[in-house]
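For reference, the structure is listed below as structure tokens.
The values are calculated or read from the model by the stated rules, or taken from the named source; none is laboratory data. A quick note: this is a predicted structure, and the numbers were derived from the prediction, not measured. With ideal geometry, Cβ positions are generated from the backbone for all residues, glycine too; neighbour counts draw on all protein chains shown. Side chains included, ligands, DNA and RNA excluded: accessible areas come from the protein's heavy atoms. Shrake-Rupley method; radii C 1.70, N 1.55, O 1.52, S 1.80 Å.
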Amino acid sequence: MSLGKPMISSRLPKAFSQPKHLNQKKIQEHHQDISAANEFKNVKKLLSPLKQSSSKNSALNRAINKLSFFPSGLNSTPSSIQLDMLLQNNIKLNEMLTISILKCSYRSGVVKKSLHAPTLHLYANKEVPVSTFSTRQKLLDTIKAWQNIQKPARYLVEVNSSFWNSPEGCVTIVMEYMAGDSLSRLCENIGAVPERILKSVTRRVLAGLSYHQKKIGPHGGIDMNHIMFTRFGKAKLGLGLTSRLNLKDDNNSKKPATVSDDIYDFGVALLAASLGSAEWVQEFLGQSGDCCVYHSALKNPEVPFIPRFSFKFSEFLCLSTKFSEASRGNIADLVMHEWLKAEECVGADVVIQDLLCLSVSSAGKDNLFNAEKQVAMVLESLQVILTGVSFKHDGEVVKELAQEFGVSAEYLEDKLKVLQKSE
């Protein structure tokens, strides 16, 4: 957990517009390729500046009306694109307080752990870098479809809201904060995940994936990084945007994912988690001469733990990682597999909550002094954001927030009461 001073996300979205020095003459000079020039114009249309808040006069609204797949409704404030096809809540970016950076990469963007000041709810804000009209349209379609099924599917990480072109050149997606982090993080910190825990994870992920495939189609982005955990160890399937949208390579020739690819990807992720690292299985992917990734790994005496797997688990891994799509199992085959039906398991008899405490517990990483110091800095920032604003906090939310900071709920409750009196 970062102990630096929290950053207040006070920036309102900046419209993506053509720089002043790039006049029409320079556009013609630097964009000889007609297709590239048309692409730039499309992006400019989609992201025209919001000079007026009126929905009738908004440049952005006029551009959207020209595109049949966009509805006409806009939010009364220019802080987000309020589209009828997207589920939006009442969150505003200038009410969000950045607690720490969860992930950061050039390819996939930045994921921030953020606190919504008025409600004290934690969210994961993912800033997705997009630069072309086609990528934005893919992202829009993906979020729309995901939000339509996230509630009934139950085992999908929820997308709460989205802010388009905030910061400039990015789309910020406000998602459910998964305090238990990912299956990848769990492996990094504790090593091989016991079979009993993987069975519980598999049941939930397959349920979510099955619903996704029925309602939308292939997921296309399953790996250990996108199998997430709540604070209580409940597994959920994440969006997997980096793999699904190919954010940094719009012109790639990669074939679209299939439902069979989802099965294979999940089987590989499951095998990697059971070994403690994805590095163990990388050299066996795509090998010929064996029926599956599992049996390719089984032949290597240097790969740990495989001989300890139960027979039914070994069968499950073989069925899901078959090199041949024709012989690979489908969702129904896996859901009804004997390994998931049986209660007995081989290996350590532990529960996921115990492992998550070792993996992501703030109490194990920060001493009480540092935790209280961070709380003080957060409260100082909250006072700035909530100046002149009355707010109430829910007791359960305070308890969860206290766990996140590594302090007692009573301590945080007392500090919040002082903050309320000062308003």
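Observations on the structure shown:
- For region 318-421, the share of accessible area belonging to carbon and sulfur comes to 55 percent (1.4 Å probe, ligands and nucleic acids excluded).
- Counted charge near I352, where neighbours are those whose Cβ lies closer than 14 Å (Asp, Glu -1; Lys, Arg +1): +4
- Pairwise centroid distance, computed over Cα atoms, of region 336-360 with region 142-199, Å: 21
- Computed E for K417/I101 - FRET, C-beta separation, R0 30 angstrom, nearest 0.05: 0.50
- Cut-off under 5 Å, modelled amide H: who pairs with V346 long-range: S310
- Couplings for region 343-356, taken from phi via the Karplus curve 6.51 cos²θ - 1.76 cosθ + 1.60 with θ = phi - 60°, read 8, 6, 9, 9, x, 5, 9, 10, 10, 5, 4, 5, 6, 5 Hz in order; Gly and Pro are left as x.
- Per-pair calculated FRET efficiency, R0 = 41 Å: S134 and E315 via Cβ, rounded to 0.05: 0.45
- Region 123-220 - percent of accessible surface contributed by carbon and sulfur, probe 1.4 Å: 44
- Inter-site label distance for N189 and V389 at 7 Å from Cα along Cβ, in nm: 3.0
- Extension gain from L358 to N370, taking 0.36 nm per residue of separation minus the Cα-Cα distance: 2.4 nm
- Test item: Cα-centred dipole of region 135-177, Lys/Arg +1 and Asp/Glu -1 on Cβ, debye: 160
- Backbone N under 18 Å from the R154 label point (7 Å along Cα→Cβ), restricted to region 190-216: 199-215
- Extension gain, N94 to V350, is 87.9 nm, computed as 0.36 nm per intervening residue step minus the present C-alpha separation.
- With all protein chains kept in place, the per residue accessible area of region 97-200 amounts to 32 square angstrom at a probe of 1.4 angstrom.
- Share of pairwise Cα separations in region 101-226, more than 27 Å, in percent: 23
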